[in-house]
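The values are calculated or read from the model by the stated rules, or taken from the named source; none is laboratory data. Keep in mind it's a predicted model, so treat the numbers as computed, not measured. Virtual Cβ from ideal backbone geometry, glycine too; neighbours counted across all protein chains shown.
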Amino acid sequence: IYNIWEQIAYLSTVMTLEPGDILATGTPAGVGVGFTPKRFLVVGDVVRIEIDGLGHIENTVVAEA
């Protein structure tokens, strides 16, 4: 487990990082598996991710076909 600064330092040794690159770093603190009892996404939940000045993406959880 590494903090974001360590991840950027390592990644910059193996690739060129450019403005606008996105680093997907895994599961943040405070997610469902950390609750007691555990809480997970269910049909109808909406997941929204936003980057200031860029925009957002929003997805609704649906039942598997």
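Taking the listed residues Ala9, Ala65, the one that is without any contact (Cβ under 8 Å) to a residue 24 or more places away in the chain, of a type in the set (Gly, Ala, Ser), out of contact with any Leu (no Cβ under 7 Å at 6 or more places or on another chain) and in a helix (DSSP H, G or I) is Ala9, with no other qualifying. Filtering Val62, Val47, Val33 for residues that are exposed (fewer than 10 other Cβ atoms within 10 Å of the Cβ) and modelled with pLDDT of 90 or more leaves a single hit, Val62. When Ile49 is tested against (1) within 12 Å of the chain's Cα centre (by Cα); (2) outside any strand (DSSP E or B); (3) farther than 19 Å from Trp5 by Cα, only condition (2) is not met.
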